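In what follows, a single structure is set out as structure tokens and then discussed.
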């Protein structure tokens, strides 16, 4: 049984029907945030239980939240962390496939130079007539 099959079986046993994460990355880092956890019979519960899933060959205990976060951060089909990065939502649904975990991504990737808050400089008071009166080597525009 591989890891996704094991996690799917555990999430089904816990009766978790959906887990939603949001991803946001740029530069050389990214954030993976748990948005919601939906349980079949407990609409008030919203957290993942911090239960051990397995012990690694080195003896490290691996817990459910960390394992899911690793799967979710690897889910996008693009580089959502480096350079301009990307953002979006990842859905984990353990009941859609009885054999494994269903992981769906809805991602958008920023294009080079798309920083979101940079506006082109526009000065409505500056026109072509003003430009002809200025010395090209010392031209300054005052707002």
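The values are calculated or read from the model by the stated rules, or taken from the named source; none is laboratory data. If you're wondering where the values come from, they're calculated on a predicted model, not measured in any experiment. Neighbour counts run over all protein chains shown; Cβ positions are idealised from the backbone, glycine included.
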In the range 44-68, what count of residues is obtained for those that are within 14 Å of residue 32 (Cα to Cα) and either surrounded by fewer than 16 Cβ atoms within 10 Å (Cβ to Cβ) or without any contact (Cβ under 8 Å) to a residue 40 or more places away in the chain (or both)? 2
Counted residues in the range 1-24 being more than 17 Å from residue 49 (Cα to Cα) and in contact with a strand residue (DSSP E or B) (Cβ under 6 Å, 6 or more places away or on another chain) come to 3
What do you reckon, is residue 97 exposed (fewer than 15 other Cβ atoms within 10 Å of the Cβ), in a loop (DSSP other than H, G, I, E, B) and more than 11 Å from the chain's Cα centre (by Cα)? yes
For the range 23-38, state whether one or more residues are in contact (Cβ under 8 Å) with a residue 24 or more places away in the chain, surrounded by fewer than 17 Cβ atoms within 10 Å (Cβ to Cβ) and not in a strand (DSSP E or B). no
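Within the range 1-22, how many residues turn out to be at pLDDT 90 or above and either under 27 Å from residue 77 (Cα atoms) or surrounded by 16 or more Cβ atoms within 10 Å (Cβ to Cβ) (or both)?
So the count comes out to 14.
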